[in-house]
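Notes to accompany the following structure.
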Amino acid sequence: MRVEFGRIALRCLGLASVAALAGTSMAGSANAGEQIFDELRFGVSASVQSGRSGEEGVFPEITALFDPFGYEEAVGWQQQLLRPRVHLGTSIGTSGEATQFFTGFTWTVDFNEKLFAEAGFGGVIHTGELDDNDDGPELGCRVLFHEYVGGGYRFTPHWNVMAQIAHSSHANLCDGPNDGMTRAGIQIGYKF
């Protein structure tokens with residue numbers, strides 16, 4: 001089952017890469033109102049949990065951000081908080097660990113032209129073990145809450161780098177164990 005899912009995940013990763021390239025091409029020739037993506041991010045993370053609930057390997061990540069509420073036009077941090085972006089992404093499990101597909105809302109606050117902070121909240125569907133796992137987190141149910149916080153630096157108006165920590169768990173809202181998954185990593189972003 002995991003091998004088959006791994007093949008499916010790699011196909012999805014390939015399709016996401018093609019979509020990202022198509023979005024880049026389209027965004028380069030489109031007006032601001034016609035862009036598909038507001039920002040694309042590529043990165044890698046690793047588990048920060050220890051002991052039995054720790055995860056092995058690294059997790060390549062792709063995240064697309066969309067701007068349906070007009071974040072780009074927001075002036076000041078108060079307006080930025082009232083206009084979240086929508087994120088959609090995946091964190092690909094390696095070494096037999098869980099792959100995550102997540103979505104939700106992202107709030108970004110600019111401190112100045114270069115520095116920003118970010119928080120996100122939403123949900124995740126994962127491929128990890130629900131219970132009776134001797135190696136790795138026992139997650140209890142297939143759908144979990146997903147939240148993250150991060151801080152970043154903009155090199156240019158288009159390119160940025162962000163460090164983040166993300167957590168997924170069910171907050172004891174379903175039966176079964178709730179070890180959760182906590183991963184920290186770095187992402188390179190391109191804002192259109």
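Tallying residues that are open to solvent by 40 Å² or more (accessible area, probe 1.4 Å) and either assigned to a strand (DSSP E or B) or in contact with a Phe, Trp or Tyr (Cβ under 6 Å, 6 or more places away or on another chain) (or both) within the range 62-80 yields 1.
Scanning the range 176-192 for residues that are assigned to a loop (DSSP other than H, G, I, E, B), under 30 Å from ASP38 (Cβ atoms) and small (Gly, Ala, Ser) yields one hit, GLY180.
Of the residues PHE101, PHE105, PHE42, the single one that is in a strand (DSSP E or B) and touching a Lys or Arg at 6+ places or on another chain (Cβ under 9 Å) is PHE105. Residues that are on the phi > 0 side of the Ramachandran plot and hydrophobic (A, V, I, L, M, F, W, C): does the range 164-175 have at least one? Yes, some residue in the range 164-175 is on the phi > 0 side of the Ramachandran plot and hydrophobic (A, V, I, L, M, F, W, C). Whenever a residue of the range 103-131 is without any contact (Cβ under 8 Å) to a residue 12 or more places away in the chain, its partners that are open to solvent by less than 60 Å² (accessible area, probe 1.4 Å) and not basic (Lys, Arg), lying with C-beta atoms within less than 8 angstrom and at least six residues away or across chains, give the pairs PHE111/ALA117. Criterion applied to PHE59, PHE116, PHE101 was being crowded, with 17+ Cβ neighbours inside 10 Å, more than 20 Å from GLY152 (Cα to Cα) and either touching a strand residue (DSSP E or B) at 6+ places or on another chain (Cβ under 6 Å) or not β-branched (Val, Ile, Thr) (or both), and the one residue passing it is PHE101. Applying the condition of being in a strand (DSSP E or B) and open to solvent by 20 Å² or more (accessible area, probe 1.4 Å) to the range 119-135 and asking which residue is farthest from LEU82 (Cα to Cα) yields ILE125.
For residues in the range 148-175 being open to solvent by 50 Å² or more (accessible area, probe 1.4 Å) and not in a strand (DSSP E or B), which is nearest to SER91 (Cα to Cα)?
Checking each candidate, the answer is ALA171.
The values are calculated or read from the model by the stated rules, or taken from the named source; none is laboratory data. All of these numbers come straight from a predicted model, not from anything done at the bench. Here the Cβ is made from the backbone with ideal geometry for all residues, glycine too, and neighbour counts use every protein chain on show. Please note that ligands, DNA and RNA were not included when accessible areas were found on the heavy atoms of the full protein model with its side chains. Shrake-Rupley method; radii C 1.70, N 1.55, O 1.52, S 1.80 Å.
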